[in-house]
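See structure below.
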Protein chains: 4
Amino acid sequence: MREHAGAPVSAGLETSAATGTDRRPGPGQRIRVGIIGASGYVGAELIRLLGRHPDVEIVGLQGRDRDGDPIGATHAHLSGTGLTVERSLPEADAVFLALPHGTAASIVPEMAATGTTIIDLGPDFRLNDAADYPRWYGFEHPSADLLATAIYGLPELHRPELAALRHAPVAIVGSPGCYPTATLLALAPLARAGLIGDLVVDAKSGVSGAGRDPKPDMMFGEVNESVKAYGIGGHRHVAEIEQELAGLGGATGVDNPGAVAVDFLPHLIPMTRGILAAAHVRPTRPTSQSELDDLYAIAYMREPFVSVMSTPPATKHVLGSNVARVFVNHDARTGRILAIGVIDNLVKGAAGQAVQAFNLVHGLPETAGLEQLPLAP
Amino acid sequence: MREHAGAPVSAGLETSAATGTDRRPGPGQRIRVGIIGASGYVGAELIRLLGRHPDVEIVGLQGRDRDGDPIGATHAHLSGTGLTVERSLPEADAVFLALPHGTAASIVPEMAATGTTIIDLGPDFRLNDAADYPRWYGFEHPSADLLATAIYGLPELHRPELAALRHAPVAIVGSPGCYPTATLLALAPLARAGLIGDLVVDAKSGVSGAGRDPKPDMMFGEVNESVKAYGIGGHRHVAEIEQELAGLGGATGVDNPGAVAVDFLPHLIPMTRGILAAAHVRPTRPTSQSELDDLYAIAYMREPFVSVMSTPPATKHVLGSNVARVFVNHDARTGRILAIGVIDNLVKGAAGQAVQAFNLVHGLPETAGLEQLPLAP
Amino acid sequence: MREHAGAPVSAGLETSAATGTDRRPGPGQRIRVGIIGASGYVGAELIRLLGRHPDVEIVGLQGRDRDGDPIGATHAHLSGTGLTVERSLPEADAVFLALPHGTAASIVPEMAATGTTIIDLGPDFRLNDAADYPRWYGFEHPSADLLATAIYGLPELHRPELAALRHAPVAIVGSPGCYPTATLLALAPLARAGLIGDLVVDAKSGVSGAGRDPKPDMMFGEVNESVKAYGIGGHRHVAEIEQELAGLGGATGVDNPGAVAVDFLPHLIPMTRGILAAAHVRPTRPTSQSELDDLYAIAYMREPFVSVMSTPPATKHVLGSNVARVFVNHDARTGRILAIGVIDNLVKGAAGQAVQAFNLVHGLPETAGLEQLPLAP
Amino acid sequence: MREHAGAPVSAGLETSAATGTDRRPGPGQRIRVGIIGASGYVGAELIRLLGRHPDVEIVGLQGRDRDGDPIGATHAHLSGTGLTVERSLPEADAVFLALPHGTAASIVPEMAATGTTIIDLGPDFRLNDAADYPRWYGFEHPSADLLATAIYGLPELHRPELAALRHAPVAIVGSPGCYPTATLLALAPLARAGLIGDLVVDAKSGVSGAGRDPKPDMMFGEVNESVKAYGIGGHRHVAEIEQELAGLGGATGVDNPGAVAVDFLPHLIPMTRGILAAAHVRPTRPTSQSELDDLYAIAYMREPFVSVMSTPPATKHVLGSNVARVFVNHDARTGRILAIGVIDNLVKGAAGQAVQAFNLVHGLPETAGLEQLPLAP
């Protein structure tokens, strides 16, 4: 719940403790949320999840060049919700942004200053180092000072920091990219144990990650019955992966002391949803299946949305749900480790994870609105 | 809630009013449900929906040759539920059966006599006339007397009869087939208005309707990038379609007075879920788009799960939801009517519709447990 | 081989017999062909087939806004051919045009007058009656006089007329649309026998028929796992179907004496290639499976590219080949006839059929360049 | 052309030069070929290619439990060929075997001894070291002595040895597996240059590689909209890959001196045909894009079936053809090399490559019968 909406940022920053900022809704209250960028696939998925969230009221949708259009004109499957897309949002306690890179960075500072919770699903608040933006995204970050306060919204890695935003005057979550989510959940136990000596991440994604704008190579006739690699030599998500692996402490490569240089290769495969990231790890020291099993069991024992599997997981088995499934294997023949993570890229890789972080920031049960079971077959 | 479980059927039939049979759960109570045939696709979908139903507790799953197997061994996407599949069911207030034809007919009489609500998703209790079973399904119905009490579980056509089962000592619902559901919802307003003079139904289905057992022509390599017709000259679902159209009163053909002879042709198309039924109707009299629009608007104005669309609907837009979308068009050039119905064959065409009927029988809100929005893209 | 390139059309028309026009290549000669509209899917398929045709040399490709671009930049799979796309064509004996409607009509008259064989894969020379163009295609035909000389390029219906173009001074083939090809081959034996009393054609197509330009509803994420109808109330291909059925003599409907009014409904299904047309026929008189089998066997006994099947055919089984498979069934219960035709829409439904007609016009074996077996699975 | 069919092997081995064994057909002659294992996907593809091969006559097909069955009953798309499947083969000059592992090893010795060319598409004659069979395939090789004479049928690596079989009394080709073909063609230039210091191969395959027998996890409903890894910790194709990389000389790992230990991970993706192998290489020394470009250009400059691409290749662009497309990239940021190979697994990865080797063994043009262009979209 947003408080002191009219107060200037500086005042808010000074007085939050005193004024008792608390984003948790009172009894019987619903959190008023708005969605900016409602016309894309991620926007649709936010509506699907937030529209059924028990503690949320969607108060507005903002989309490109729309002015009262029924949501069904944009997302035919959501016509039953009766929502409309507008040019602007009404006052809201929390705003989810699903925008192209560089856009959120310009509008978030003013919004965040009013106390509104910001859940940004683009990359503008994921990277800690402002210098990474020109390098990976090609723009100078206009509000670099806010990067220090923004939290990388992967609850399994940053739960305490996200929960602490509940009482912070400014709450900005940089919700992770889809590939980093699958990759980091697969690798976190290894990284924490200092086992990652060398790292190749080979990932496969359905097409919905490429968004909804018509592009020649996203036409059905081009995608179906085909697979290809893309983003050769530096997909932007590498920046997040390297940042977070470094943050886990043990992820420096033996061959590249002091620096994690991930060899990351994404592929486009003929399906709509789902990401599988296969991480091929040369360990820093000999290990065993038994040690790995223990590491993963302990790491994810209490995680509501991460399941450790004993057989290689398929993306179909998490479709439509916020669950990530991870798998780890020690290859006795080669001495290598294989770690696999699968997610629905639009749920745990985007909208669902954003809601999960939002729940933490607002003091709600972490699973609220995210309890749907996967849809299979 | 099941009452007087031990009472004989005959007694129950005589005394239900007196004994006050009421299947609605008391405050704070959950209805105990069991699922027989849990290892198929429909069984999985029942678990997905009932597992999140607010008024239901799944007390048991029964599957072929299983004995305490975790559900994840059968349905990998449901491993997170912690359910197991057993050889038999514990006592339950309601039982959903998803079994091959001829199987439910043998076991239902005894179960129903105890007062347990029976929701049979197979064909054994859909047809009113016992003589239709040898003709369409190749078996003599062993409990023909029960056919008179069983209700065809299409709530949009039989809501009062389903609701009346709440107080009946024996409650058996014959849940409709997937093709009939899409077809009947598309045609009901025309049938009631006596407009169906001649009828061709050309339907397209994803492969999940064919079930889960491995068959050569259901392999990915055979299905993908292909379409074919099947069930030439008499798919079994014709029997239901003709029965229900006749029941709506106006569905007799001008060319075949007194008899509805549906020309029904199903196709298998390369997708997993979804049915589209296109009904080509020669009307019994001239009509207009405006008249048809009115008929459909009135027919479905208050239906929670039927949406009348102004553009041709796609199956993707109902995926995972219990919604049917229907569309009607008058072709001024040919004078014909086109009526289209689309559903998710495993939800509105099977498990979701069964839950919808179950809700009615148990005095619950009709939409309970069925409010998920569709999953797209 | 083109002769008397400079002669005016009128002179040609008068003197063809005298001057001995013969389009058959001499011994050891290859026919020089050009392709206009090489950048679309049909253009690619023409290159695939003509590039391996034993009697053909591709002398030029013309595409939108191209100037010496390697074909691989447009059609990646054809990069090995070494062909380039240019703004214009060199002199050629035959030109294949794959252009949007209304475009060929403007440029063909001048080209045809030089004696060059014209194989137009668009609709501009398919309809006999110029009045049909404004009605179905929205443009006034600029060279209506040529419609009388153009031959509808379905060899199974118009073989003699196509072969006669070999000696004609002007040779224009209006190559059929994909839906009409599948539909007419399925129905021709019934039409000739005067059996079509009433007709519903329900067709299903892969997306490649919609062409290659990026459109929102042709994106993989929208098409996959979905089916929808389109072209409600009058797809343009109806005009061809009705024209050709009428031409076969017996295709007038009992209910609409003197006029064939086809109820035609196309669907988009999640595959790239293939069309299945299911024709639901109410016969003008009682018939039998045996009579129908005879009609089809006789009609297609000597056809190199039409196979009469005894089980319902799948599009996969003709993929990449010029074969059409047809199937006919008499439904004793309803008295109706079902006739099914399946083709690869880009081969028998476009480029392959165009080559077949071209072969006839140039006095080549009808199967030259078209003998590839289907590609399955 | 088979000669001295009745001569014992020993005699043949001694006298081949003297007797002038020559497998090249005389003028106007066709090579008589038989196919054993015609009922699988690879068998179908052999029929598709050999059926149109200008120098071949298919004299017999042998399949499981068949006795004169028309091929169309097994492979519906091939019904037009008029071929039948029998329990045994007539005399043939060459036999292609597409059989489960361990089967060919038992029957080949006798067949090869008669002089018949053996093209085995299974693994029984791919590995040089008999000890590898129990380890990787679980059976003792019954004719280990023949392994020394068998040639690994990857023409791009073993062209001279294959061509030399033309005059050898015994000619056995162990045609490569699909994954090794894509992998080895991608890596051969690096291996020859001694650049492979460490190697991860992450491969993606369509389902046709898993064969045609119905399996639960190959059903459309399980495969579509899903991706999963399999063969964890040791797919059998690793043996071939390591053997051939070692044979190229420079493929020993810096970290594992003297032994190539490939980290190989295959994935099943929702398509029917196609393999993409992405090889992630840590080079043994610094290199550059320019050096790599030169290596690949030189290696494949004259190869009719390998194209070096400057952008990442898609499997769709080789569909149905015998072409492999390879791509190499030096990542300046990480210092690593990425090498990608794509093929149609049933053509260059199986039947096409077998025909290519067969052509070499019989002194035919290497491209005979293999000149079809890819089928796209």
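The values are calculated or read from the model by the stated rules, or taken from the named source; none is laboratory data. As the structure is a computational prediction, the values presented were derived from the model and not from experiment. Here the Cβ positions follow ideal geometry from the backbone for every residue, glycine too, while neighbour counts run over all protein chains shown. Note: accessible area is taken over every heavy atom of the protein model, side chains too, but ligands, DNA and RNA are not part of it. Shrake-Rupley method; radii C 1.70, N 1.55, O 1.52, S 1.80 Å.
Observations on the model:
- Residue check, residue B:251 buried (at least 21 other Cβ atoms within 10 Å of the Cβ), among the small types (Gly, Ala, Ser), farther than 23 Å from residue C:208 by Cα and modelled with pLDDT of 95 or more: no
- Residue in segment B:228-239 that is surrounded by the most Cβ atoms within 10 Å (Cβ to Cβ), counting only those that are farther than 28 Å from residue C:220 by Cβ and at the interface with chain C (Cβ under 8 Å from one of its Cβ atoms): B:233
- Applying the criterion of being crowded, with 19+ Cβ neighbours inside 10 Å and either more than 7 Å from chain B (Cβ to nearest Cβ) or assigned to a helix (DSSP H, G or I) (or both) to the residues of segment C:254-263, the residue that is modelled with the lowest pLDDT is C:260.
- Pairs meeting the criteria (first residue in segment C:47-66 and at the interface with another protein chain (Cβ under 10 Å from one of its Cβ atoms), second residue in a strand (DSSP E or B) and modelled with pLDDT under 95, beta carbons under 6 Å, at least 6 apart or on different chains) are lacking.
- Look at (1) at pLDDT below 95; (2) within 19 Å of the chain's Cα centre (by Cα); (3) of a type in the set (Val, Ile, Thr) and you find that residue A:306 fails only one, number (1).
- From the options A:242, A:161, A:156, A:225, residue that is within 14 Å of chain D (Cβ to nearest Cβ), open to solvent by 10 Å² or more (accessible area, probe 1.4 Å) and either in a helix (DSSP H, G or I) or in contact (Cβ under 8 Å) with a residue 60 or more places away in the chain (or both): A:242
- Index of the failed condition, residue D:123 passing every other in (1) over 15 Å from residue D:236 (Cβ atoms); (2) open to solvent by less than 60 Å² (accessible area, probe 1.4 Å): (1)
- Filter result for residue C:112 (aliphatic (A, V, I, L, M), assigned to a loop (DSSP other than H, G, I, E, B) and either modelled with pLDDT under 95 or crowded, with 22+ Cβ neighbours inside 10 Å (or both)): no
- Only one entry of C:117, C:149 meets the criterion of being among the hydroxyl-bearing types (Ser, Thr, Tyr) and within 19 Å of residue C:366 (Cβ to Cβ), and that entry is C:117.
- Answer residue from segment D:71-101, given it is among the polar types (S, T, N, Q) and within 14 Å of chain C (Cβ to nearest Cβ) and is least open to solvent (accessible area, probe 1.4 Å) among those: D:74
- Matching residues in segment C:329-350 - criterion: being part of a loop (DSSP other than H, G, I, E, B), within 11 Å of chain B (Cβ to nearest Cβ) and under 18 Å from residue C:205 (Cβ atoms): C:344
- Any hit, segment B:277-288, residues being farther than 28 Å from residue B:372 by Cα, in a helix (DSSP H, G or I), in contact with a His (Cβ under 8 Å, 6 or more places away or on another chain) and more than 10 Å from every other protein chain (Cβ to nearest Cβ): no
- Pairs where the first residue, in segment D:299-328, is within 14 Å of chain A (Cβ to nearest Cβ) and at positive phi and the second is surrounded by fewer than 23 Cβ atoms within 10 Å (Cβ to Cβ) and part of a loop (DSSP other than H, G, I, E, B), C-beta under 8 Å, 6+ apart: D:320/D:372
- Residue match in segment C:205-216 (condition: under 24 Å from residue B:310 (Cα atoms), free of Cβ contacts under 8 Å to residues at least 40 places away in the same chain, surrounded by fewer than 19 Cβ atoms within 10 Å (Cβ to Cβ) and within 11 Å of another protein chain (Cβ to nearest Cβ)): yes
- Residue that is more than 15 Å from residue B:189 (Cα to Cα) and of a type outside the set (S, T, N, Q), where the choices are B:336, B:302: B:336
- The set of residues in segment A:301-322 being open to solvent by less than 40 Å² (accessible area, probe 1.4 Å) and aliphatic (A, V, I, L, M) consists of A:306, A:314, A:318, A:319.
- Filter pass, residue D:369 being within 12 Å of another protein chain (Cβ to nearest Cβ) and either at pLDDT 95 or above or over 11 Å from the mean Cα position of the chain (by Cα) (or both): yes
- Residue within segment B:360-376 that is crowded, with 24+ Cβ neighbours inside 10 Å and of a type in the set (Gly, Ala, Ser) present: yes
- Residues of segment A:186-222 that turn out to be within 26 Å of residue D:335 (Cα to Cα) and part of a helix (DSSP H, G or I), as a count: 6
- Here residue A:59 meets the list (1) assigned to a loop (DSSP other than H, G, I, E, B); (2) open to solvent by 20 Å² or more (accessible area, probe 1.4 Å); (3) within 22 Å of residue A:365 (Cβ to Cβ) almost entirely, failing just condition (1).
- Flag for residue B:333 being more than 18 Å from the chain's Cα centre (by Cα) and among the charged types (D, E, K, R): yes
- Some residue of segment D:323-343 being of a type in the set (A, V, I, L, M), within 21 Å of residue C:44 (Cα to Cα) and open to solvent by 20 Å² or more (accessible area, probe 1.4 Å): yes
Table: residues versus (1) under 15 Å from residue B:184 (Cβ atoms); (2) at pLDDT 95 or above.
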{"position": "B:246", "(1), (2)": "yes, no"}
{"position": "B:265", "(1), (2)": "no, yes"}
{"position": "B:279", "(1), (2)": "yes, yes"}
{"position": "B:289", "(1), (2)": "no, yes"}
{"position": "B:317", "(1), (2)": "no, yes"}
{"position": "B:320", "(1), (2)": "no, yes"}
{"position": "B:324", "(1), (2)": "yes, yes"}
{"position": "B:327", "(1), (2)": "yes, yes"}
